[in-house]
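Take a look at the structure below.
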Amino acid sequence: MPPAFDIDRARRDTRGCEGVIHFNNAGASLPPAPVADAHYEYLHAEEMHGGYETMARYSDALANFYSLAARLLNCATSEIAFSDSATRAWNAAFYALDLQPGDRILAGCSEYGSNLVALLHLAHKRGVEITWVPDDEHGQTDVKSLERLVDSRVRLICLTHIPSGGGLVNPAAAVGRVAKAADIPYLLDACQSLGQMPVDVQQIGCDMLCGTGRKFLRGPRGTGFLYIRKSFLEQLEPSQLNHHAAELISTGAYRLREDARRFECWERSCAGQVALGVAIDYALGWGLQAINQRIGLLSAELRRRLADANGVTVADRGIEQSGIVTLFAEQVPAESLQKQLMSRGINTSLVPFSANPVSAAKRNLPALLRASLHYYNSHQEIDKFITELEQVISKTVVS
Ligand SMILES: Cc1ncc(COP(=O)(O)O)c(C=O)c1O
């Protein structure tokens, strides 16, 4: 039996729990106290000592971010670049690929909307072709179809590990095996999976991966990172260079950095980088397996309770499910549910069309409400959520 999860400590460490039921962890989690404190302390040090001076004082903590991110992903420190968002990290890798007219990209139907915009951009600009790998009957990327779609023109496979608008987990490692067998670069968007479950780049076999700080990792906003496999780095040319990404040797020459930090700029939120390191350390302290088990327990309970609630449909699919629970009420629009729950102290969010547009267009569902749970959420909060949701629905339907 796994040891019991210390929920009291998790909630004590999460000061925001005192004032709100936060079921919007897929948007941005409540940061735990050690993360928030590290962030505030760094900003205070900048106020008192100056930005550059503080950077020098915190050089170990800043460097430690790379080691911690590497531990989280099971890779080398030199394979990590700090970024201000997952979008920027994904774009940095994507636009560095040497894609030519007629090259094909195989993408999962749950690809995040921003990635879709970038894919369409290169389709229009360079004439690359995008092929959507169909979902299987459970809504997950169908690995057998992917295998069939591979041919000599395919130059990239991209996948969103956990779609932001649905409860499933895509088979990232099985996709990695197909990519490896065919020797095709593999770009994984792990924005919603990092901090929610173990994500091991060796086991998954991706060559590039992006993540964000503020979601299930519980780091600050405006932080993220990029992983690039060392053996793949030379196949990528950053679409933009600067004097941090490349060393200026003379007025006529530069030398590109030999690590993934060739995708960085020098200027960044140092407070954010230090606090993201603390957030990763904090998540590793709980253990990603333990976190995942706890989220699985809570989200299964929420889905069960919602299935019993009157007039509510759970929209999630997938064999393996995540902490992201999506639902709709037949008689009350999601926007109204979200607003009314918020006025009762419960944070949820709407699923915008841009969350996973290709699969959303195929499913043709009404607007969805998203309740995304983290390990610090409690059974009592689920009780309260169900009670309030049922009240909101019955009140709205009557009036
Ligand atoms: C699956 C997925 N990928 C990428 C992103 C973009 O992350 P960021 O806002 O850090 O750029 C999100 C944000 O919601 C997401 O859910």
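The values are calculated or read from the model by the stated rules, or taken from the named source; none is laboratory data. None of the values given here were measured: they were computed from a predicted structure. Methodologically, a virtual Cβ is constructed for each residue, glycine included, from the backbone with ideal geometry; neighbour enumeration extends over all protein chains shown. Note: accessible area is taken over every heavy atom of the protein model, side chains too, but ligands, DNA and RNA are not part of it. Shrake-Rupley method; radii C 1.70, N 1.55, O 1.52, S 1.80 Å.
On the given criteria, is Arg305 at pLDDT 95 or above and either part of a strand (DSSP E or B) or open to solvent by less than 40 Å² (accessible area, probe 1.4 Å) (or both)? In short, no.
Screening Phe216, Phe225 for residues that are part of a loop (DSSP other than H, G, I, E, B) and either touching a helix residue (DSSP H, G or I) at 6+ places or on another chain (Cβ under 6 Å) or within 16 Å of the ligand (Cβ to nearest atom) (or both) leaves exactly one candidate, Phe216. Filter the stretch 225-259 down to the residues that are open to solvent by 100 Å² or more (accessible area, probe 1.4 Å) and hydrophobic (A, V, I, L, M, F, W, C) and list them by number. The one that is open to solvent by 100 Å² or more (accessible area, probe 1.4 Å) and hydrophobic (A, V, I, L, M, F, W, C): Leu248.
Let's see how each residue does on (1) within 16 Å of the ligand (Cβ to nearest atom); (2) of a type in the set (Ser, Thr, Tyr); (3) over 30 Å from His124 (Cβ atoms); (4) modelled with pLDDT of 95 or more:
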{"residue": "Ala69", "(1), (2), (3), (4)": "yes, no, yes, yes"}
{"residue": "Ala76", "(1), (2), (3), (4)": "no, no, yes, yes"}
{"residue": "Glu79", "(1), (2), (3), (4)": "no, no, yes, yes"}
{"residue": "Ser85", "(1), (2), (3), (4)": "yes, yes, no, yes"}
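When the test is whether a residue is in a loop (DSSP other than H, G, I, E, B) and either more than 16 Å from the ligand (Cβ to nearest atom) or of a type in the set (Lys, Arg) (or both), Ala45 does not pass it. Restricted to the stretch 177-194, and to residues there that are touching a strand residue (DSSP E or B) at 6+ places or on another chain (Cβ under 6 Å) and not in a strand (DSSP E or B), the residue that is farthest from the ligand (Cβ to nearest atom) is Ile184. Restricting the search to the stretch 141-170, which residues are surrounded by 23 or more Cβ atoms within 10 Å (Cβ to Cβ) and in a loop (DSSP other than H, G, I, E, B)? Passing the criteria: His161, Ile162, Pro163, Ser164, Gly165, Gly166, Gly167, Asn170. So, Gly16, is that one within 30 Å of Arg303 (Cα to Cα) and under 17 Å from the mean Cα position of the chain (by Cα) or not? Taking the combined requirement at face value, the residue does not satisfy it. Looking for something open to solvent by 30 Å² or more (accessible area, probe 1.4 Å), touching a strand residue (DSSP E or B) at 6+ places or on another chain (Cβ under 8 Å), within 16 Å of the ligand (Cβ to nearest atom) and not in a helix (DSSP H, G or I) - is there at least one such residue anywhere in the stretch 261-274? Within the stretch 261-274, one or more residues are open to solvent by 30 Å² or more (accessible area, probe 1.4 Å), touching a strand residue (DSSP E or B) at 6+ places or on another chain (Cβ under 8 Å), within 16 Å of the ligand (Cβ to nearest atom) and not in a helix (DSSP H, G or I). Within this structure, Ala123 passes the test of being farther than 24 Å from Arg229 by Cβ, of a type outside the set (Val, Ile, Thr) and open to solvent by 20 Å² or more (accessible area, probe 1.4 Å). I need the full set of residues from the stretch 239-285 which are among the aliphatic types (A, V, I, L, M) and either out of contact with any helix residue (DSSP H, G or I) (no Cβ under 9 Å at 6 or more places or on another chain) or farther than 16 Å from Ser67 by Cα (or both), in order please. Those that are among the aliphatic types (A, V, I, L, M) and either out of contact with any helix residue (DSSP H, G or I) (no Cβ under 9 Å at 6 or more places or on another chain) or farther than 16 Å from Ser67 by Cα (or both): Leu241, Ala245, Ala246, Leu248, Ile249, Ala253, Leu256, Ala271. Against the test of being in contact with a Leu (Cβ under 9 Å, 6 or more places away or on another chain), more than 15 Å from the ligand (Cβ to nearest atom) and without any contact (Cβ under 8 Å) to a residue 40 or more places away in the chain, the options Val143, Val133, Val150 yield a single qualifying residue, Val133.
Conditions (1) within 16 Å of the ligand (Cβ to nearest atom); (2) of a type outside the set (A, V, I, L, M, F, W, C); (3) touching a Cys at 6+ places or on another chain (Cβ under 6 Å); (4) within 30 Å of Asn347 (Cβ to Cβ), marked per residue:
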site: Ile21; (1), (2), (3), (4): no, no, no, yes
site: Ser29; (1), (2), (3), (4): yes, yes, no, yes
site: Pro32; (1), (2), (3), (4): no, yes, no, yes
site: Asp37; (1), (2), (3), (4): no, yes, no, yes
site: Tyr58; (1), (2), (3), (4): no, yes, no, no
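Within the stretch 279-288, does at least one residue satisfy the condition of being within 29 Å of Ala26 (Cα to Cα), open to solvent by 60 Å² or more (accessible area, probe 1.4 Å) and more than 16 Å from the ligand (Cβ to nearest atom)? Yes: the stretch 279-288 contains one or more residues that are within 29 Å of Ala26 (Cα to Cα), open to solvent by 60 Å² or more (accessible area, probe 1.4 Å) and more than 16 Å from the ligand (Cβ to nearest atom).
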